[in-house]
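Take a look at the structure below.
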Amino acid sequence: MEILYISSVPSKEQFNYIKQMLKSNINVSKYGMQESGYKFHHLILDGMVENNNKVYSLIGRPISSKSHKKTYWKNVINEENNIIYEHIGLINIPILKNFFAGVSFFFKTLKWIKKNENNKYKCIIIDAAYITIIPFINFATKIKKCPKIAIVCDIYEYMADVKDARKDSKKIHKLISKCMHNQYKKIDGFVFLTEAMNEVLNHNSKPYIIMEGLVDSKMVSKKPPKKGPKKDIIMYAGALREQYGVKNLVEGFMNYANDNAELWIFGAGDYAPVIENQMRKDKRIKFYGIVDNKTVVEKEQQVSLLINPRPFNQEFTKYSFPSKNMEYMVSGTPLLTTKLPGMPQEYYDYVYLINGNSKEDITNSLNEVFSHSYKELREKGLKTREFVLNKKNNVIQSNRIINLCKEVIKNEEEG
């Protein structure tokens with residue numbers, strides 16, 4: 001199948017270049033494409049190629065005038081892992097950048113459809129987070145028909161950073177939300193992280209699949225070490241925000257009476273200064289800040305327990321499945337997580353669950369988990385790793401997206 005993949009996810013070469021072009025006063029953790037999003041989409045792209053599909057990736061680079069030095073960014077085409085990446089040229093000036101990017105996407109989408117017009121099996125896959133481009137793609141496919149699938153990782157008005165978008169929000173939030181719902185009605189099929197997403201966005205009952213996450217099939221060769229750490233090391237890697245449960249994690253660990261334990265924290269966010277202060281009170285807490293994803297993945301295989309303390313009583317959690325959980329699970333190290341509403345029942349046998357949203361629940365869960373022997377913990381971690389490698393790897397999950405594309409194509413022929 002011929003796939004046009006539309007997103008703001010650059011090739012590896014351009015991803016690194018975009019980081020290099022950040023202004024000197026800019027915090028890399030707050031601007032541009034985060035490694036989690038980059039990794040998620042590249043796993044899908046690689047999986048599609050592994051399934052013998054041809055992929056042309058059309059990209060609007062995640063840059064802004066506030067964060068990046070250059071004003072003019074030329075059109076760049078390169079190839080990596082049998083995927084052709086075309087990065088749209090743009091002028092990095094507010095409003096002008098979005099308008100000219102949209103126009104470029106419109107014409108380049110038409111060009112791709114025309115090139116493949118005699119191919120029955122073609123489909124456009126759109127990263128739904130790229131909200132400014134979707135109207136231009138919908139307009140292009142109105143002129144020249146081509147089925148469109150949207151991969152929805154967030155619902156705008158339910159994102160943690162836009163938590164006021166449903167109540168006393170800024171008018172711009174409400175306007176964006178209304179416009180996006182109208183644009184989604186023109187999409188032919190959806191890939192959602194959770195079933196709750198389908199209930200909010202898929203008003204016309206279009207074909208969809210639930211793909212809560214995926215892991216790198218190549219991780220099968222990166223086996224966990226046979227010997228565990230000498231200490232009981234608990235690790236958290238991700239956004240350091242109170243609403244993500246980091247406050248409960250730190251305070252719950254501080255109340256955990258185990259002198260042989262350590263808490264390793266990786267990441268950045270507005271809660272980081274508090275963590276640095278708590279380190280002075282409890283020497284067992286180790287804060288490493290931002291490190292590259294490769295290092296994080298290596299560390300995840302070297303610790304005793306991985307933890308995700310995200311509270312399950314916040315509304316946005318129904319519409320998310322943390323990609324970090326999938327990365328944790330493939331490591332071979334056991335995972336302790338809250339019972340998130342977006343987590344399918346099939347996962348319950350493979351993780352330890354935090355029964356509550358308080359710091360006391362964290363403390364109680366750590367006591368329960370470490371009552372098990374190292375052998376039991378290792379067996380749990382390896383069982384979890386086998387589950388996601390066999391059932392949720394990127395080759396399998398990407399093939400499910402391709403099958404959704406075929407279903408949409410069939411519906412078009414019959415309708």
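Only the coordinates and a few stated rules stand behind these numbers; no lab work does. Keep in mind that this is a model prediction, so the values were computed, not measured. A quick note on method: Cβ atoms are made from the backbone with ideal geometry, for glycine too, and the neighbour counts reach across all protein chains shown.
A few comments on the model shown:
- In order along region 363-369, phi translates into HN-Hα couplings of 4, 4, 5, 5, 4, 5, 4 Hz, rounded to whole numbers, per the Karplus curve 6.51 cos²θ - 1.76 cosθ + 1.60 with θ = phi - 60° and x for Gly and Pro.
- Over the chain: helical MRE at 222 nm, DSSP H runs n ≥ 4 each giving -39500 (n - 2.57), nearest 500: -12000 deg cm²/dmol
- Isolated Cys in the chain, by beta carbon distance under 4.7 Å: 146, 153, 179
- A simple spin-label model places pseudo-atoms 7 Å from Cα toward Cβ; at residue 349 and residue 115 they are separated by 4.6 nm.
- Whole-Hz couplings from phi, Karplus 6.51/-1.76/1.60, listed for region 143-153; x for Gly and Pro: 7, 10, 5, 6, x, 10, 10, 10, 9, 10, 9
- With 0.36 nm allotted per residue and the present C-alpha distance subtracted, the residue 54-residue 107 stretch has 17.1 nm of extension available.
- For region 321-331, the Karplus equation 6.51 cos²θ - 1.76 cosθ + 1.60, evaluated at θ = phi - 60°, returns couplings of 9, x, 4, 4, 4, 5, 5, 4, 5, 7, 6 Hz by residue, with Gly and Pro reported as x.
- Amide H contacts under 5 Å for residue 125, placed H, 5+ residues apart: 4, 5, 6, 149
- Burial ranking of peptide ranges 217-226, 85-94 (average Cβ count within 10 Å, highest at the top): 85-94, 217-226
- Descending by average beta-carbon neighbour count within 10 Å, the peptides 295-303, 186-194 line up as 186-194, 295-303, the highest first.
- Rounded to the nearest 5, the antiparallel percentage of DSSP beta bridges internal to region 1-122 is 40%.
- Reduced Cα scattering model of region 218-391, Debye log10 I(q)/I(0), q = 0.14, 0.15, 0.20 Å⁻¹: -0.69, -0.81, -1.55
- Global form of region 328-388, assessed from the alpha-carbon gyration tensor, a/c cut-off 1.5: oblate
- Per-residue packing, averaged as other Cβ atoms within 10 Å, sorts the ranges 335-341, 374-380 into the order 335-341, 374-380, beginning with the highest.
- For residue 410 and residue 72, the FRET efficiency from 1/(1 + (r/R0)^6), where r spans their Cβ atoms and R0 equals 51 Å, is about 0.70.
- Cα shape, the chain, gyration tensor, a/c 1.5 rule: prolate
- A straight line joining the Cα centroids of region 249-301 and region 321-377 runs 17 Å.
- C-alpha center-to-center spacing [region 37-99, region 207-229] in angstrom: 25
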